[in-house]
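The structure appears right after this line, and notes come after that.
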Amino acid sequence: MATRRPVKIGIAGLGRLGKQHATNLAYRVPGAVLAAACSPVDEELDWARETLPDPRIHSDYEALLADRELDALWLVTPSSLHADQIIAALRAGKHVFCEKPLSLDVAECERVLSVAREYPHLEATIGFMRRFDRSYRDAYEKARAGTIGRPFMVRSQTTDQNDPDGFFVRFAPTSGGIFLDCTVHDIDIARWFFNGARATRAFATGTIALHEGLRECGDVDNGVGVVEFEGGRLAVFYASRTMAHGCDTHSEVIGTGGALAIGHNPRLNRVEIYDAGGVRSESTPTFFARFEDAFLNEAHAFVQAVAARMAGMPPVAAGGATLADALEATRIGRALREACSTGLPVDLPA
Ligand SMILES: NC(=O)c1ccc[n+]([C@@H]2O[C@H](COP(=O)([O-])OP(=O)(O)OC[C@H]3O[C@@H](n4cnc5c(N)ncnc54)[C@H](O)[C@@H]3O)[C@@H](O)[C@H]2O)c1
């Protein structure tokens, strides 16, 4: 058996989230070396030169793929590129971590799964980081231990603070819409707590409360969905881009013997302000502030799983979402999008 050596990682995409991942991988993940960074945008590459510890810089993805020293690629690129880039990474012999969603298209997800089956020795994980949040993980373990009996209902929401600058309007043409971009996390959480139960039918509706520009992409800034799962399980989802107070992501899992509420109060920290307006806390402003630890924990888990494979040890369960989980999240997200645009329920055949 070989000894463990650092996992050499190349990151693609240094935008809003890519910079955070790059900083984690470079400075906060033992066993990882961020050896290369790739972006087609010069300013992002300048940022990498100034901020990261001397990575090789590539301005196109082909060059990153051809970088023979890299063991793994870390993709934080636009969702529409994920499927092709994961396939190319696997074909280049690299382990791959990719941000959610796997793809905006179900057939593309299936194509990735089919190619991945040819490379069972390579790790391939999709970044549903909520599975690595300490509170979600604790609730999951309690549910598994039977604390709330049989979980049959999940209520879950992903809501962002309103950005008056309209970032999401510019992002909408490549995001896949609110259900594939935001609710996809809640879908993954519901499937996780339901032990991978199959979804059978989706209902959805939505509205534009503030961002009229979304209309031309067929998107909404507030969406509600209901999904039926086999065995009488139900999930109710809410997603919003227009919250006044901050990023308010929380979930509730209801079982036959109790319920678990996860993150209901989106407070930034443990400070309470007592003033003429009453008693209040400041809110987490962004998804990154809320899930900073989860992003870091998922990087630790991926690097440990890859290091174990490189050392010739049996695969360790990294605890993240598999490609198959991510395919299901896309399938259900698309059904919600269709239900929202047609106003009709969408069946999800077996
Ligand atoms: N897990 C989460 O909660 C979460 C949160 C935000 C974003 N995301 C996901 O992360 C991904 C990126 O989102 P973002 O908000 O950082 O977007 P962004 O637009 O800010 O960044 C995208 C990056 O990809 C780069 N890029 C574009 N084409 C490329 C190519 N061909 N090769 C290499 N790099 C390329 C861009 O230069 C940019 O650096 C999306 O898939 C999104 O769904 C996940």
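Would you pick out the residues in region 159-199 that are within 12 Å of the ligand (Cβ to nearest atom) and in a strand (DSSP E or B)?
ASP160, the sole residue that qualifies.
Which residues, taken from region 96-132, are open to solvent by 20 Å² or more (accessible area, probe 1.4 Å) and within 16 Å of the ligand (Cβ to nearest atom)?
Selection gives LYS100, LEU104, ASP105, GLU108, ALA124, PHE132.
Any residue in region 299-312 that is more than 9 Å from ARG4 (Cα to Cα) sitting within a Cβ distance under 7 Å of a residue that is part of a helix (DSSP H, G or I) and open to solvent by 10 Å² or more (accessible area, probe 1.4 Å)? List the pairs, counting only those 6 or more apart or interchain.
Note: pairs meeting the criteria are ALA301/PHE132.
Could you please let me know if TYR27 is buried (at least 19 other Cβ atoms within 10 Å of the Cβ) and among the aromatic types (Phe, Trp, Tyr)? It would help to see each step written out before you state the result.
Working: buried (at least 19 other Cβ atoms within 10 Å of the Cβ): no; among the aromatic types (Phe, Trp, Tyr): yes.
When the stated conditions are applied, TYR27 does not pass them.
THR77 is checked against (1) in a helix (DSSP H, G or I); (2) within 9 Å of the ligand (Cβ to nearest atom) and fails just one. What number does that condition carry?
(1)
So if I check each of ALA326, ALA311, ALA289, ALA261, which one is touching a Cys at 6+ places or on another chain (Cβ under 9 Å) and surrounded by fewer than 19 Cβ atoms within 10 Å (Cβ to Cβ)? Before you say what the answer is, go through the steps one by one.
On the way: ALA326 fails: surrounded by fewer than 19 Cβ atoms within 10 Å (Cβ to Cβ); ALA311 fails: touching a Cys at 6+ places or on another chain (Cβ under 9 Å); ALA261 fails: touching a Cys at 6+ places or on another chain (Cβ under 9 Å).
Result: ALA289 is the single residue among ALA326, ALA311, ALA289, ALA261 that is touching a Cys at 6+ places or on another chain (Cβ under 9 Å) and surrounded by fewer than 19 Cβ atoms within 10 Å (Cβ to Cβ).
Is there any pair with a first residue in region 313-331 that is assigned to a loop (DSSP other than H, G, I, E, B) and a second that is open to solvent by less than 30 Å² (accessible area, probe 1.4 Å) and acidic (Asp, Glu) whose Cβ atoms are under 9 Å apart and which are 6 or more apart or on different chains, and what are they?
PRO315/GLU123; ALA318/GLU123; ALA318/GLU298; GLY319/GLU298; GLY320/GLU298
Could you please tell me which pairs satisfy a Cβ distance under 7 Å, a separation of 6+ or placement on different chains, a first residue in region 17-28 that is within 13 Å of the ligand (Cβ to nearest atom), and a second residue that is β-branched (Val, Ile, Thr) and part of a loop (DSSP other than H, G, I, E, B)?
The qualifying pairs are LEU17/VAL76; GLY18/VAL76; HIS21/VAL76.
Cβ-Cβ distance below 6 Å, separation of 6 or more or different chains: which pairs start in region 236-259 with a residue that is outside the structural domain of LEU336 (by TED's automatic domain parsing) and end on one that is of a type in the set (Gly, Ala, Ser) and surrounded by fewer than 21 Cβ atoms within 10 Å (Cβ to Cβ)?
Final answer for the pair search is none.
Any residue that is in contact with a strand residue (DSSP E or B) (Cβ under 9 Å, 6 or more places away or on another chain), open to solvent by less than 10 Å² (accessible area, probe 1.4 Å) and more than 27 Å from VAL346 (Cβ to Cβ) - is there at least one of those in region 220-227? Spell out the reasoning first.
Of the residues in region 220-227, the ones in contact with a strand residue (DSSP E or B) (Cβ under 9 Å, 6 or more places away or on another chain) are 220-227.
Next, from what is left, pick out any that are open to solvent by less than 10 Å² (accessible area, probe 1.4 Å): 221, 223, 225, 227.
Narrowing the set further to residues that are more than 27 Å from VAL346 (Cβ to Cβ) leaves none.
Looking through region 220-227, none of the residues is in contact with a strand residue (DSSP E or B) (Cβ under 9 Å, 6 or more places away or on another chain), open to solvent by less than 10 Å² (accessible area, probe 1.4 Å) and more than 27 Å from VAL346 (Cβ to Cβ).
Would you be able to tell me the number of residues in region 31-52 that are free of Cβ contacts under 8 Å to residues at least 40 places away in the same chain and either within 25 Å of the chain's Cα centre (by Cα) or closer than 24 Å to THR125 by Cβ (or both)? I'd like the intermediate steps shown before the answer.
From region 31-52, those free of Cβ contacts under 8 Å to residues at least 40 places away in the same chain are 33-52; that's our starting set.
So of that shortlist, the ones also either within 25 Å of the chain's Cα centre (by Cα) or closer than 24 Å to THR125 by Cβ (or both) come out as 33-41, 44-45, 47-48, 51-52.
The total comes to 15.
Considering each of ILE148, ILE86 in turn, give the residue that is open to solvent by less than 20 Å² (accessible area, probe 1.4 Å), within 29 Å of ALA172 (Cβ to Cβ) and either more than 9 Å from the ligand (Cβ to nearest atom) or more than 19 Å from the chain's Cα centre (by Cα) (or both).
Details: ILE148 fails: within 29 Å of ALA172 (Cβ to Cβ).
That would be ILE86, the only listed residue that is open to solvent by less than 20 Å² (accessible area, probe 1.4 Å), within 29 Å of ALA172 (Cβ to Cβ) and either more than 9 Å from the ligand (Cβ to nearest atom) or more than 19 Å from the chain's Cα centre (by Cα) (or both).
From the list GLY196, GLY166, GLY177, which one is closer than 22 Å to HIS250 by Cα and either without any contact (Cβ under 8 Å) to a residue 12 or more places away in the chain or surrounded by 16 or more Cβ atoms within 10 Å (Cβ to Cβ) (or both)? Explain how you work it out, then say what you get.
Numbers: GLY196 fails: either without any contact (Cβ under 8 Å) to a residue 12 or more places away in the chain or surrounded by 16 or more Cβ atoms within 10 Å (Cβ to Cβ) (or both); GLY166 fails: closer than 22 Å to HIS250 by Cα.
From the options GLY196, GLY166, GLY177, the qualifying one is GLY177.
In region 33-69, how many residues are away from the ligand (no atom under 13 Å from the Cβ), surrounded by fewer than 13 Cβ atoms within 10 Å (Cβ to Cβ) and farther than 21 Å from ALA92 by Cβ?
4
The values are calculated or read from the model by the stated rules, or taken from the named source; none is laboratory data. Just so it is clear, the structure is predicted and the values come from calculations on it, not from any experiment. Using ideal geometry, Cβ is built from the backbone for each residue, glycine included, and neighbour counts are taken over all protein chains shown. Please note that ligands, DNA and RNA were not included when accessible areas were found on the heavy atoms of the full protein model with its side chains. Shrake-Rupley method; radii C 1.70, N 1.55, O 1.52, S 1.80 Å.
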